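The values are calculated or read from the model by the stated rules, or taken from the named source; none is laboratory data. Nothing here was measured: the structure is a model prediction, and the numbers come from that model. Reconstructed Cβ throughout: ideal geometry from the backbone, glycine too, with neighbour counts over all protein chains shown. These area figures cover heavy atoms from the full protein model, side chains too; ligands, DNA and RNA do not enter into them. Shrake-Rupley method; radii C 1.70, N 1.55, O 1.52, S 1.80 Å.
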Amino acid sequence: MKTLFFAGFCLVAVLGFVLAIYAIGRTDGGAEEGGDDEYVDVSTPGASLSHAYQRKQRAIGLVVVTFQRSDGNLVSVSMGTAFAISPEKFVSNAHVAYALKNSMEEKVVKPNLENCLRLEAAKQRMSLADYRKRIGDRGIAQKRAEIIDWVKSGAIKIRDMEIRLNHSNGKSFRIAKVQVHPRYNPGGPETGEYDVAVFEIAGRTDCYFDIASRRQLYALMPGTPVASAGFPTEGVKNNELDLEKPEASYASGDIKKITDSAGKDAGPEYNRSITHSVPAAGGSSGSPIFTADGKVVAVLWGGLHTGRNERGRIPSALLHNSAVRIDQIYEMTDPVSWQEWLNMPNF
């Protein structure tokens, strides 16, 4: 993979690939709110989760941001997962939308600043910690400003934000507009309650998921078999995910608990927090949680972890992960272009 580098004060630095936030179709189908379709008992042996995935696998996509250097070279970075609910709309997490928004900071500025400090510390034959202490906050801020000036000079820019379809031989769609839940707070507690976003694409896809009706959502219960598919990258080798022609990882489990965001039983209307046993890792954020009839019931957003090692976060022994019920997408902000989204304040 090509490298993004800062060739100013620090001469050379590399692009980091750590995503800091992980809070972790039936082709004629629709995504209409609260349909009255007849409830299907998806727990019966005849209902197959794997068959549902086979029918809908091209509705799942990898969210990618592509940087372009001044020499014309391109570097693509995966940011999460999304899935189609109509020919022109994909659902993901709000924190994935914010990862796109902050990608220049997280993928270029911060890694280059860290490498800049390491290079300068090595020149002074000092440890990184001692060098940081020596130059202080003001010195670090000055070096960061130099890197930002380098970025603004046109050395690196965001060229595209795309959704690259699963199992589609490289087919992709540019993200045209972004919507997030108006009550999502990127700096707030990671409850997942409002962690949903919608991406409108430039073009139309012919495979998308149906959304479960409110009747089906209210009837969900612990023990209901569910499955998901997405693009986990945390703790895996770089070559295990082809960014050009991505192939999603499928996994299944069941629902363990359905509550409100505080872990209490608030009744079917407000119980929008779904705890499940479907395996997940960083990169899975935004994956669909669906039942055996192929209908989406939730959006995966995070999991339980007990610590971190050299390969990433350590999952809880419970192996439980978290999702927000899909009907949370019916309360969204007005769509804005992705260029506008990049320039909007975080709060």
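Can you tell which of 204, 215 is among the basic types (Lys, Arg), farther than 26 Å from residue 161 by Cβ and modelled with pLDDT of 95 or more? First the steps, then the outcome.
Working: 204 fails: farther than 26 Å from residue 161 by Cβ.
After applying the criteria, what remains is 215.
Here's the yes/no breakdown for (1) in contact with a helix residue (DSSP H, G or I) (Cβ under 9 Å, 6 or more places away or on another chain); (2) over 17 Å from residue 63 (Cα atoms):
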{"residue": "233", "(1), (2)": "yes, no"}
{"residue": "243", "(1), (2)": "no, no"}
{"residue": "246", "(1), (2)": "no, no"}
{"residue": "259", "(1), (2)": "no, yes"}
{"residue": "269", "(1), (2)": "yes, yes"}
{"residue": "275", "(1), (2)": "no, yes"}
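Collect the residues in the range 67-107 that are at pLDDT 95 or above, open to solvent by 40 Å² or more (accessible area, probe 1.4 Å) and part of a loop (DSSP other than H, G, I, E, B), keeping them in residue-number order.
The one that is at pLDDT 95 or above, open to solvent by 40 Å² or more (accessible area, probe 1.4 Å) and part of a loop (DSSP other than H, G, I, E, B): 88.
Can you tell me which residue is nearest to residue 270 (Cα to Cα) among those in the range 166-186 that are assigned to a loop (DSSP other than H, G, I, E, B) and open to solvent by 60 Å² or more (accessible area, probe 1.4 Å)?
The qualifying residue nearest to residue 270 (Cα to Cα) is 183.
Looking at the range 217-233 only, could you name the residues that are open to solvent by 10 Å² or more (accessible area, probe 1.4 Å), within 27 Å of residue 263 (Cα to Cα) and touching a strand residue (DSSP E or B) at 6+ places or on another chain (Cβ under 9 Å)?
Of the residues in the range 217-233, the ones open to solvent by 10 Å² or more (accessible area, probe 1.4 Å) are 218-225, 232-233.
If we keep only those that are within 27 Å of residue 263 (Cα to Cα) as well, we get 218-225, 232.
Within the range 217-233, 220, 221, 222, 223, 224, 225, 232 qualify.
Within the range 131-165, track down each residue that is open to solvent by 60 Å² or more (accessible area, probe 1.4 Å) and either over 19 Å from residue 110 (Cα atoms) or touching a Ser or Thr at 6+ places or on another chain (Cβ under 6 Å) (or both).
134, 159
What are the residues in the range 236-279 that are part of a loop (DSSP other than H, G, I, E, B) and hydrophobic (A, V, I, L, M, F, W, C), if any? Lay out the reasoning, then the answer.
Residues of the range 236-279 that are part of a loop (DSSP other than H, G, I, E, B), as a first pass: 236-237, 241-248, 260-272, 277-279.
Within the range 236-279, 236, 241, 243, 248, 262, 266, 278 meet the criteria.
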